[in-house]
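Participant: Please read through the structure below; I'll follow up with questions.
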Amino acid sequence: MTNGRVHRRLRAAAALLATALAAAAGVYAVLATFHQDRRLDVATVDLSVHPGGDGALSLYVPLVDWGVRFPVVRLPAELRLDVRGVDRGAVERIARNQAVDVHALRHQVRDAIAAYLRWLLVLALIGGLVLGGLVALAVRHRAGPRVRWLLACAAASAVACVVALAVLLPPRGALRDPRYFAHGADIPQALRLVESATRSSRAIGDELDAQLVGLARLVIAPAGLRAGMDAPHLLLASDVHNNLLVLPALRRAAAGGPLFLAGDLTDRGSRLEASVTQAVVHAGRPLVFVAGNHDSTRLERDLARAGAIVLTHGGQLRADGRLGPLVVRVAGLRVAGYDDPFLHRPGHPSALDPHPTAAQQDAFDAWLRPLQDRVDVVMVHEPALAEVALRRLEADPPRHPLVLLVGHTHVQDLREGRNLVVLNAGTAGGGGTGNLTERKPIGVAVLSFATRPRFDPLAADLITIDPGSGDVTASRRALDVTRSSEAP
């Protein structure tokens with residue numbers, strides 16, 4: 001094969017590739033820029049697509065900085081509905097709890113999305129054909145492919161891209177596992193938007209209905225959402241690591257409810273860190289504390305004297321230093337705690353990166369065995385300390401729901417089994433003042449539960465804040481541990 005023939009084929013391949021890429025770019029340009037307003041009974045929404053991300057359908061209300069995402073889009077893009085205008089009459093009617101046809105409202109949303117997608121696909125096809133055709137004419141050469149082949153390449157590429165959009169972009173599947181988001185640095189803002197969601201785990205599949213109707217109440221009185229909350233809840237945090245800056249936010253997030261702090265309030269548990277004690281003890285009503293490996297027996301005593309409920313493996317630590325009951329009542333819950341075996345004790349400095357031994361794991365399991373039928377919630381700082389007990393409970397589930405609240409890893413986590421939940425809120429201190437290079441997001445968690453006729457964990461909300469941007473996200477998981485335990 002001569003060099004001239006090779007060069008001609010390379011030019012031809014380059015021309016075809018440029019044409020195909022131009023057609024794809026035309027489709028992408030329409031995808032990224034086309035938006036459309038659609039009117040619903042309660043509001044006007046702007047529909048658009050934001051390329052990138054994991055693929056989701058989202059509803060966002062800029063007026064109150066509130067949004068929810070559902071992972072039901074297979075394309076790596078976000079199909080978004082932004083509320084732009086509100087029908088005041090309809091909103092006031094819904095806010096006064098008057099009748100609203102939720103079924104019809106859901107159909108309006110579906111019809112609006114379908115109409116938007118039809119227009120998007122048509123315009124994307126046109127955009128691909130136009131840009132691909134222009135490039136085909138620009139790169140044509142007498143020694144290259146004929147114009148009709150270039151135009152055919154442009155058409156085929158545009159059609160292929162549009163077919164891919166038609167298959168991957170429309171939302172598919174049930175609206176489950178909602179993820180909430182906001183763009184402010186206040187944890188309570190994220191908590192309030194989470195609380196606007198349906199409380200019952202059985203109704204979590206109807207999340208969109210709840211959001212559409214709840215939109216009216218958000219617009220009328222976004223600050224009054226807590227009054228409508230039925231299920232009791234607790235706020236879980238851990239690993240503050242002496243970061244005093246987050247304590248006011250924790251206090252506001254707890255909003256007069258219980259705050260469960262699963263260890264590592266300080267870095268060394270020293271007297272120099274005593275200022276954190278008085279600041280945190282009033283963050284929850286009450287504050288329930290179990291020590292972590294960065295804490296100390298001195299810190300435990302100071303918190304107990306300040307009025308916190310301090311739990312140890314021997315019982316509640318009282319202000320006078322004596323031990324009280326092993327199981328305490330908090331917000332209708334039966335609670336016990338196991339202080340970390342590596343906490344700082346007088347004359348026994350502790351390693352800061354400990355690894356529980358097999359003997360320590362067996363000791364925790366032996367402690368939990370006689371307690372598990374008498375408690376609803378167990379607090380322990382180090383998840384690895386509970387691994388032996390967890391393996392036993394997963395193989396032989398407890399007779400009633402049991403929740404373990406943990407920390408230490410600085411990574412949010414939720415494990416769920418038959419009558420068993422393990423919840424880790426991450427790090428409330430964002431790594432703390434002693435871990436400035438860690439760059440962990442600030443994390444807390446909310447556990448919603450029922451206490452009648454017996455304890456039943458309903459849902460867990462994992463909330464994170466980006467320390468750099470202040471953006472807040474909150475994801476909700478319905479907990480079905482009771483029903484799964486009754487399944488054959």
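Taken together, the values in this text are just the output of simple stated rules run on the coordinates, not laboratory data. Predicted, not measured: the structure shown is a model, and the values here were computed from it. FYI the Cβ positions are ideal-geometry reconstructions off the backbone, even for glycines, and counts take in every protein chain you see.
Participant: Over segment 231-451, what relative contact order in percent results from Cα pairs under 8 Å that are six or more residues apart? Don't skip to the end; give the middle numbers.
Facilitator: Working: 541 pairs, mean separation 50.6, N = 221.
Worked out over segment 231-451, it gives 23 percent.
Participant: Right, something else. In nanometres, what is the gap between the two model label sites at A231 and L134, each 7 Å from Cα along Cα-to-Cβ?
Facilitator: 5.3 nm
Participant: Treat every Asp and Glu Cβ in segment 231-451 as -1 and every Lys and Arg Cβ as +1, leave all other atoms uncharged, and give the resulting dipole magnitude about the Cα centre to the nearest 20 debye.
Facilitator: Details: 22 positive and 22 negative charges, 139 e Å.
Dipole about the Cα centre, nearest 20: 660 debye.
Participant: Could you give me D for segment 231-451, from Stokes-Einstein at 37 °C and 0.692 mPa s, where the hydrodynamic radius is the Kirkwood radius over C-alpha pairs? Units µm² s⁻¹, please.
Facilitator: Working: Rh = 17.0 Å.
Using the Kirkwood radius from Cα pairs, D works out to 193 µm²/s.
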